[in-house]
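Single-structure report; data block below.
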Amino acid sequence: MVSEILSLRNKIDIIDKNIINLLSKRLNLVSKVGLIKSKYGIPIHVPKREKSIIKSRFLIADKLKISKKLIKDLMSRIMYESYLKEYSHGFKKVNCNIKCIIIISDNNYTGILFKKMLQLSKYNVYLFKPKEINKINIIKYKIDMIIISISNESLKKIMLFILKLSKNCILVNLNVISYKYLKLILYIHKGPVLLLQPKFNSQTYNLTKKKIYYCNGRNFKYYKWFLKQMKIWGLNIICIKNLNFNNDEIFINFLKIFINFLYGLNKIKKKNKSNNPLLFNNFNLKDTILFFKNNPNFYIDNIIFNKKNIILFIESYCNKFKKFIYSIKNNQKIFLKKFNKINKLFL
Ligand SMILES: C=C(O[C@@H]1C=C(C(=O)O)C=C[C@H]1O)C(=O)O
């Protein structure tokens, strides 16, 4: 019996080797497609082609009685690798008149990612933190576009700098912005303004298929090229008429912040070593669909019977939630102080 297994395993080894060889051949072809795309400015992500690939591979899988789920997972993983391969060729520079782009970012990943993408598209990009604003010599740099990815608090501090920008400079805001600051920006900067709202995790490093909302601030035709540029990067660009966000979305985001904060706070208090995944970090529609496929009594059982005092426990979380809302609303210093204390734990 052992020798029978051995002979089968040998055959499996050969098949795996063939799969890897075929993957390598596929990636080489993808790379050639990437080169052509980079030359002509064709977007990395081609949804129509992907749909037809999945459909035709499903037909093959069906005939061979292989699960569609396996093929779907496999193909999406393979395609993810295709995007990375295509990244390596860089991207077509859509606007050759743009000589200098400045990014001001609070040390966040989105700012760094945009710098990388713009550099891959052959633009001249400089990244600064808000506190380095005085180092930027407006005359020397001749800024054609400025991308701001900072908190509203830091935004307040760079208003004077924005005031000095030339009227031709495109201003792109890449963060949640309050109406108050938006109005102020539009008042002090008379040039084109584009408002972006990324819908991807701040730690994303591949933008293909990721969503980004945009809203016109002023002079669409002057920054239209940048939307095209982002499309080439593979981003899914969605126009919104104004900055009214979906309430459910705001609430979920708030919960994410709360859960992460609480988790950090517990880590500090209990020196909790367990590696609980941050609950809402991977929140997505798929989870919600699965959630509703279950019998609702299952959740009631989970809450009521799992732990005798679970309701009390949840109520204590509700109290923490109330305190959290209070500190965000009325006493931001408490929140900032605690945040900076927890922050040190993860450095
Ligand atoms: C390779 C391409 O680029 C992407 C990757 C694909 C793939 O791995 O098969 C298919 C479509 C594109 O989203 C292509 O456009 O053909």
Self-check item: Residues of region 126-151 satisfying the condition of being closer than 17 Å to ASN168 by Cβ and among the charged types (D, E, K, R)
Solution: LYS140, LYS142, ASP144
Practice problem: Return the only residue of LEU235, LEU243, LEU227, LEU255 being closer than 24 Å to ILE328 by Cα and modelled with pLDDT of 75 or more. | Solution: LEU255
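Take residues that are over 26 Å from TYR83 (Cβ atoms) and among the β-branched types (Val, Ile, Thr) and tell me which of the strands (runs of 3 or more DSSP E) falling wholly in region 175-250 contain 1 or more.
193-198
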Quiz prompt | Qualifying position, being more than 16 Å from the ligand (Cβ to nearest atom), in a helix (DSSP H, G or I), basic (Lys, Arg) and surrounded by 15 or more Cβ atoms within 10 Å (Cβ to Cβ), among LYS131, LYS93, LYS85, LYS115 | solution = LYS115
Self-check item: Matching residues in region 200-226 - criterion: being over 20 Å from ASN95 (Cα atoms) and among the basic types (Lys, Arg)
Solution: LYS209, LYS210, LYS211
Quiz item: Which members of region 72-109 meet the condition of being farther than 30 Å from ILE54 by Cβ and among the polar types (S, T, N, Q)?
Solution: ASN95, ASN97, SER105, ASN107, ASN108
Quiz item: Going through region 37-48 one residue at a time, which ones are crowded, with 16+ Cβ neighbours inside 10 Å and more than 11 Å from the ligand (Cβ to nearest atom)?
Solution: SER38
Exercise. Using the structure shown, decide if GLY34 is of a type in the set (Gly, Ala, Ser) and more than 13 Å from the ligand (Cβ to nearest atom).
Key: no
Self-check item: Neighbours by Cβ (under 6 Å, 6+ apart or cross-chain): first from region 41-65, within 30 Å of SER121 (Cα to Cα); second more than 13 Å from the ligand (Cβ to nearest atom)
Solution: GLY41/LYS92
Self-check item: So ARG57, is it near the ligand (Cβ under 9 Å from one of its atoms) and either assigned to a helix (DSSP H, G or I) or out of contact with any strand residue (DSSP E or B) (no Cβ under 9 Å at 6 or more places or on another chain) (or both)
Solution: no
Quiz item: Taking the stated definitions as given, is VAL46 farther than 22 Å from ASN201 by Cβ, touching a Gly at 6+ places or on another chain (Cβ under 7 Å), outside the structural domain of TYR223 (by TED's automatic domain parsing) and modelled with pLDDT of 95 or more?
Solution: no
Quiz item: Can you name every residue in region 60-82 that is within 16 Å of the ligand (Cβ to nearest atom) and of a type in the set (Lys, Arg)?
Solution: LYS72, ARG77
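Does region 15-28 include one or more residues that are closer than 30 Å to TRP233 by Cα, of a type outside the set (Phe, Trp, Tyr), more than 9 Å from the ligand (Cβ to nearest atom) and surrounded by 13 or more Cβ atoms within 10 Å (Cβ to Cβ)?
Scanning region 15-28 turns up no residue that is closer than 30 Å to TRP233 by Cα, of a type outside the set (Phe, Trp, Tyr), more than 9 Å from the ligand (Cβ to nearest atom) and surrounded by 13 or more Cβ atoms within 10 Å (Cβ to Cβ).
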Practice problem: Of the numbered conditions (1) in contact with a Lys or Arg (Cβ under 6 Å, 6 or more places away or on another chain); (2) surrounded by fewer than 18 Cβ atoms within 10 Å (Cβ to Cβ), GLY191 fails exactly one; give the number of that condition. | Solution: (2)
Practice problem: Being at pLDDT below 75 and hydroxyl-bearing (Ser, Thr, Tyr) is the filter; apply it to region 258-300 and report the residue that is surrounded by the fewest Cβ atoms within 10 Å (Cβ to Cβ). | Solution: SER274
Quiz item: Pick from LEU171, LEU182, LEU155: which is touching a residue at least 60 places away in the same chain (Cβ under 8 Å) and not small (Gly, Ala, Ser)?
Solution: LEU182
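The values are calculated or read from the model by the stated rules, or taken from the named source; none is laboratory data. Since this is a predicted model, take the numbers as computed values, not measurements. Every residue, glycine among them, receives a Cβ derived from its backbone with ideal geometry; neighbour counts consider all protein chains shown.
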